[in-house]
Every structure is written in structure tokens, then in C-alpha cells.
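Asker: First the structure, which I've put down as C-alpha cells, then a few questions once you've had a look.
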Amino acid sequence: MGNKATHLEVVRNINALSNQYLSTLDSRDNTLNSYLTAAVPNPFFGLLPDGTPSGLTGKTIARQQLLLPFPEFGTITTTTNEGSSWYHSLQVRSEKRFSQGLTLVGNYTFSKWMQATELLNAGDLRPTRMISDQDVPHRIAIDWIYQFPFGKGHRVLSGVNGFTDRLVNGWEFTGIWAFQSGLPLNFAPGSAAPPSFPGTTNADYFFNGTGTVALTSNQRSLSQWFNTSAFVTAASAQPVSHLQRNPYRFSAVRGPRQNNVDVSLIKDVRIREGQT
């Protein structure tokens with residue numbers, strides 16, 4: 001099975017700082033940040049109407065504000081329809097039709113879901129293709145219905161009748177077992193919202209070159225689910241005024257797998273002809 005979706009909605013700030021003004025260094029660029037945040041004379045002083053954000057009405061203004069496409073405004077949020085997604089899967093189904101009191105159905109799906117619906121940087125021309133936050137590489141689902149062969153008309157205790165037949169007949173055991181891979185985790189510090197949504201903390205980060213991000217299953221714990229030593233974690237060294245190139249999600253860093261079983265034991269009692 002294959003599916004491609006086009007013209008998906010993408011949230012965009014059309015009054016963002018152009019990427020050409022962002023640092024491309026692999027470490028924090030305090031010099032550039034100081035330049036962008038430096039206070040300079042405000043050419044709009046005394047010209048903007050009441051209700052304008054206070055950061056735009058003073059005698060001085062941050063230099064980076066004057067580098068925006070519309071420097072007399074703050075964030076201007078809109079949506080475009082330039083997003084896409086790609087889903088491909090192998091789906092296998094096996095079914096044992098009702099016989100000997102048993103019905104058994106098994107399904108297995110092996111898939112990959114990619115999407116390009118988010119901007120790594122507000123000034124990007126187009127969204128970046130990355131693993132979807134809904135990607136589930138493996139999913140198994142098995143469901144069954146088994147009618148116990150007890151009582152009148154069945155293989156076991158077929159000669160009983162009356163109260164004994166009502167007691168042993170009509171038992172049914174059903175269940176569903178579902179197992180699937182965990183969903184990719186979002187690396188969006190300070191916010192659970194999509195990183196590209198204006199007003200949230202962006203998800204930029206630096207690597208320090210220590211190992212891979214993912215941990216093996218026997219290494220993961222509640223206190224450390226991925227390799228934190230692979231990242232620069234000092235607060236004073238976090239990216240600022242930086243061009244983000246790292247993805248929001250890693251295919252190998254996922255939440256816990258889902259392993260769920262639901263079972264039911266059902267008893268039907270025959271009262272008389274046509275009534276159960």
C-alpha cells in the first residue's frame with residue numbers, strides 16, 4: 001500500500017528573520033547574537049499607533065527587528081498549503097474461518113511514514129522532510145473467538161440436557177492482542193507543541209560528538225531514555241540566533257512500545273427455543 005498526500009497545511013511566520021542572518025557555526029555564536037540584539041535608534045519612534053507592542057515604541061529597538069521583512073510589526077502568523085506526507089506499507093493478513101469452534105485472524109503491518117509539514121527555521125522556503133510523529137514501523141494484531149465444545153450438540157458432554165446443559169454449554173473465549181512500535185519522540189525543549197508553531201521554544205540543539213542518540217533497549221530507563229551525553233547540555237552553550245539543521249525527530253528514538261491484550265469470557269444461556 002502506498003499513499004502520498006499533498007497541499008497539507010504548514011504554519012508559517014511571514015515576518016521572520018531571514019536565514020542569511022543566522023549563525024551556521026557548530027557552537028553558540030555570542031558575537032552574532034550580540035550584534036542582532038544590540039539596541040539601535042528606533043526609526044518608528046512616535047509614529048506607531050496605540051496598542052503597538054512596547055518593544056517597538058521606544059527610542060531604541062533591537063537591530064534584528066529592523067532586519068525583518070515588516071519591521072514595524074511583530075510575528076505575523078499564517079498558513080500555507082505546501083506540505084506533503086508519504087506512507088508506504090506491507091500488510092499481511094491471515095484468517096482461519098470458523099471451524100472446530102475457532103475463528104482466528106492475524107494482521108501484520110510493516111510501514112514507514114514520512115512528512116514535510118514543519119519548518120526547521122521560520123525563514124525556510126519549504127518544510128523539511130523527516131520521520132512522522134505518527135510513524136509505526138511494526139504492528140501486529142491477532143483476534144480470536146473460541147466456543148468451548150461442551151454440552152448438547154458438541155463433542156464433549158453431548159449427552160447432557162436440562163440444567164447441566166445450561167451450565168456447561170454456551171461458553172466463549174474471545175480476545176485481541178495488539179503490539180506495535182513506539183512513536184518517535186519530539187525534541188522540542190520547553191514545549192510539547194509542534195516546534196514550528198510560532199511562540200513556542202524552538203528545538204535547536206548542538207551535538208558534542210559523543211556516541212549516537214539512541215540507546216539499546218537494555219540501556220533505556222525512566223531516568224535516561226536516550227543518550228543525553230550526545231548533546232551539549234550547558235545552558236550557556238545552547239543555540240541562539242542559529243540556523244537549525246538537525247531534525248525534530250529521530251527514527252531510532254521512540255516512546256515505549258505498546259503491548260496490549262484484551263480478553264473476554266462470555267456465557268450464553270439458552271432459555272427456550274429462540275430465546276438466549
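The values are calculated or read from the model by the stated rules, or taken from the named source; none is laboratory data. Quantities reported herein were computed from a predicted structural model and do not represent experimental measurements. No Cβ is skipped: glycine too gets one built from the backbone with ideal geometry, and neighbour counts run over all protein chains shown. We work out accessible area using only protein heavy atoms, side chains counted, and drop any ligands, DNA or RNA first. Shrake-Rupley method; radii C 1.70, N 1.55, O 1.52, S 1.80 Å.
Asker: Have a look at 243, 149, 67 and report the one farthest towards the positive end of the charge dipole of the chain, computed about the Cα centre with Cβ charges (Lys/Arg +1, Asp/Glu -1).
Answerer: Towards the positive end, the residue furthest out is 149.
Asker: If you take every residue apart from residue 239 with its C-beta less than 15 Å away from the C-beta of residue 239, what net charge results, scoring Lys and Arg +1 and Asp and Glu -1?
Answerer: Once positives and negatives cancel, what remains is -1.
Asker: Right, something else. Give the cross-link partners of residue 152 among the lysines, using a straight C-alpha distance below 20 Å as the criterion and excluding same-chain residues fewer than 8 apart.
Answerer: Leaving aside lysines fewer than 8 places away in the same chain, those within reach of residue 152 are 267.
Asker: Round to the nearest 0.05 the FRET efficiency obtained for residue 89 and residue 260 when R0 = 22 Å and r is the Cβ-Cβ distance.
Answerer: For R0 = 22 Å, the calculated efficiency reads 0.60.
Asker: Quick check for me: using +1 on Lys/Arg Cβ and -1 on Asp/Glu Cβ, what's the dipole size of the chain about its Cα centre, in debye to the nearest 20?
Answerer: So the magnitude is around 900 debye.
Asker: Charges only on Cβ, +1 for Lys and Arg, -1 for Asp and Glu: so what's the dipole of the range 221-272 about the Cα centre, in debye to the nearest 20?
Answerer: Here the range 221-272 has a charge dipole of around 300 debye.
Asker: Using θ = phi - 60° and the Karplus form 6.51 cos²θ - 1.76 cosθ + 1.60, what ³J(HN,Hα) does each residue of the range 248-257 get, whole Hz, x for Gly and Pro?
Answerer: 7, 9, 10, 4, 8, 10, 10, x, x, 5
Asker: Could you state the accessible area per residue of the range 205-276 in Å², with a 1.4 Å probe and every protein chain left in place?
Answerer: Averaged over the residues of the range 205-276, the accessible area is 67 Å².
Asker: Further question on the same structure: How long is the gain from residue 224 to residue 31 if the chain were fully straight, where each residue apart is worth 0.36 nm and the alpha carbon distance is subtracted?
Answerer: 66.1 nm
Asker: In the range 57-83, which residues have a backbone nitrogen under 13 Å from the label point lying 7 Å from residue 18's Cα in the Cα-to-Cβ direction?
Answerer: In the range 57-83, the label zone of residue 18 (backbone N under 13 Å from the point 7 Å along Cα→Cβ) covers 66-71.
Asker: Additional query: First select every other residue whose beta carbon is under 11 angstrom from the beta carbon of residue 158; then total the charges, Lys and Arg +1, Asp and Glu -1.
Answerer: +1
Asker: Can I ask one more? If the cut-off is 18 Å between C-alpha atoms, which aspartates and glutamates fall inside it for residue 59, apart from same-chain ones fewer than 8 positions away?
Answerer: The reachable aspartates and glutamates, counting only those whose Cα sits under 18 Å from residue 59, are 50, 72.
Asker: Here is a further query. Per 5 Å bin from zero, what fraction in whole % of the C-alpha pairs of the range 44-181 is there, up to the bin with the longest pair?
Answerer: Spelled out per bin, shortest first, that is 2, 8, 10, 8, 7, 7, 7, 6, 6, 6, 5, 5, 5, 4, 4, 3, 3, 2, 1, 0, 0.
Asker: Quick check on the range 147-188: what are the equivalent-ellipsoid semi-axes from the Cα gyration tensor, as sqrt(5λ), descending, whole Å?
Answerer: 47, 9, 4
Asker: What does the net charge come to around residue 181 if you take all other residues with beta carbon closer than 15 Å to its beta carbon, with K and R at +1 and D and E at -1?
Answerer: Residues near residue 181 contribute +4 overall.
Asker: Now for a separate question. Any idea of the accessible area per residue across the range 57-129, 1.4 Å probe, to the nearest Å²?
Answerer: 60
Asker: Find which of 134, 8, 209 sits farthest along the positive direction of the dipole of the chain, computed with +1 on the beta-carbon of Lys and Arg, -1 on that of Asp and Glu, about the Cα centre.
Answerer: 134
Asker: Please enumerate, by chain and number, the aspartates and glutamates with C-alpha under 12 Å from the C-alpha of residue 112, excluding those fewer than 8 residues away in the same chain.
Answerer: Answer for residue 112, where 12 Å is the Cα cut-off: 133, 135, listed by chain and number.
Asker: Also, quick follow-up: Using the C-alpha gyration tensor of the range 121-177, what are the square roots of 5 times its eigenvalues, in whole angstrom, with the largest one first?
Answerer: The equivalent ellipsoid of the range 121-177 has semi-axes of 58, 9, 5 Å.
Asker: From the mean inverse distance of alpha carbon pairs (Kirkwood) and the Cα radius of gyration, derive Rg over Rh for the range 118-274.
Answerer: Here Rg/Rh amounts to 1.32.
Asker: Using a 1.4 Å probe on the protein heavy atoms, what percent of the accessible area of the range 1-155 belongs to carbon and sulfur?
Answerer: Percent of accessible area from carbon and sulfur atoms in the range 1-155: 56.
Asker: Divide, for the chain, the radius of gyration over alpha carbons by 2.2 N^0.38 Å, where N is the residue count.
Answerer: Taking the Cα Rg and dividing by 2.2 N^0.38 Å, one obtains 1.60.
Asker: Can you work out ³J(HN,Hα) from phi for every residue in the range 94-102, in order, using Karplus 6.51 cos²θ - 1.76 cosθ + 1.60 and θ = phi - 60°, giving whole Hz and x for Gly and Pro?
Answerer: With coefficients 6.51, -1.76 and 1.60, one gets 10, 9, 9, 5, 4, 7, 6, x, 10 Hz.
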